[in-house]
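Asks: Here it is, the structure in full.
FYI, it's all coordinate maths here, none of it is from the lab. Keep in mind the model is a prediction, meaning the values are calculated, not measured. Cβ placement follows ideal geometry from the backbone for every residue including glycine, while neighbour counts extend to all protein chains displayed.
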Amino acid sequence: SCLNIAVAMSRLGALTGFVGGIANDMFGAMIADHLAASGVSLRYVRRSDDETTLAFVRFVGNEPHYAFYDETTAARLWTYRPDSIPFPAIEALHVGSTTLINEPVASEYLALFKAAKGRTTLSFDPNCRPTLTRDKAAYTARMAEFAKTADIVRMSDMDFDFLFGGNAFDARAEEMLAGGAALVIVTRGADGVIAWHRTAGRVEVAAPAVKVVDTIGAGDTFQG
């Protein structure tokens, strides 16, 4: 997720970098080469001899279903080193997806996020993966911590339903704004996007009618 966003933003002309762990194995080399070819800086990447996370996807109807193999991987074992990133020199920091689900890396990214609070713009997308989430109560509490720290919160309607149940978007968005967020966005596929801004209020944008070929990475591209 974060890697896709970094690539998308770099291809749009923004200076971007990736923060996290990448393995030294063949898959890790492919990931690093892909980032470098897209102009994404690897300055804040930690390379290691741990394995690369593997992900598989199968479509059921129009919905992708994922399987992840993520134990003892370079991404899962990444650690944040305080003061290793010059936050005032960075315009925005984004976190999200599977690295926020399991320990120890979830707490490492939360520490990074909190260290950056007030020093740069913070963006958060839970990008929930229910099949990976073993302790939903702990996960939901952690997502609340990220949302409380973030300036921008973006999630899909499916993320919203997993975290909160139902579609009471307005009430939850107002809670997040009151908690400190400046902008809350919920993407709803063919039903379009709703955004709530601290000063501009509520905005709803319809989605253009298109023939859907593949939805993988759609949310990441939107975020980028």
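Asks: Want the number for Arg188 to Leu15: 0.36 nm per residue separation, take away the alpha-carbon distance, what's left?
Replies: Values: separation 173, 0.36 × 173 = 62.28 nm, distance 2.89 nm.
Gain on extension, Arg188 to Leu15, equals 59.4 nm.
Asks: Just to be sure I understand the model, the point goes 7 Å from the Cα along the line to the Cβ. What's the resulting Thr140 to Glu63 distance in nm?
Replies: Label-label distance for Thr140 and Glu63, simple model: 1.9 nm.
Asks: Restricting things to alpha carbons, find the Rg to Rh ratio for segment 110-224 using the Kirkwood radius for Rh.
Replies: For segment 110-224, the value is 0.96.
Asks: Using the per-residue mean of other Cβ atoms lying within 10 Å as a proxy for protection, in what order, highest first, do the peptides 111-118, 62-69, 181-188 fall?
Replies: 181-188, 111-118, 62-69
Asks: Over what distance in Å are the Cα centres of segment 108-185 and segment 29-55 separated?
Replies: 26 Å
Asks: Next question, about the same structure. Between Ala209 and His34, how many nm apart are label points set 7 Å from Cα along the C-beta direction?
Replies: 3.4 nm
Asks: If you don't mind, there's one more thing I want to ask. Starting from the Cα of Thr133, step 7 Å toward the Cβ, then list every residue of segment 152-169 with an amide N under 19 Å from that point.
Replies: 153-169
Asks: How do 89-102, 72-85 rank on mean C-beta neighbours within 10 Å, highest first?
Replies: Highest-to-lowest ranking by the protection proxy: 89-102, 72-85.
Asks: Could you check how many percent of all C-alpha pairs in segment 1-80 are farther apart than 16 Å?
Replies: Numbers: 1743 of 3160 pairs.
Above the 16 Å cut-off, segment 1-80 has 55 percent of its Cα pairs.
Asks: While we're here: What is the mean projected area of the alpha carbon convex hull for the chain, to one decimal in square nanometres?
Replies: Across all orientations, the chain yields a mean hull projection of 12.4 nm².
Asks: Can you compute the FRET efficiency between Asp170 and Lys148 using 1/(1 + (r/R0)^6), with r the Cβ-Cβ distance and R0 = 22 Å? Round to the nearest 0.05.
Replies: Efficiency at R0 = 22 Å is approximately 0.75.
Asks: I've got another one for you. So what is the 222 nm mean residue ellipticity for the chain from helices alone, if each DSSP H run of at least 4 adds -39500 (n - 2.57) and you divide by all residues, rounding to the nearest 500 deg cm²/dmol?
Replies: -9500 deg cm²/dmol
Asks: Tell me which lysines have Cα within less than 29 Å of Lys148's Cα, excluding those fewer than 8 residues away on the same chain?
Replies: Counting by Cα, and skipping residues close in sequence, Lys148 has these lysines nearby: Lys114, Lys117, Lys136.
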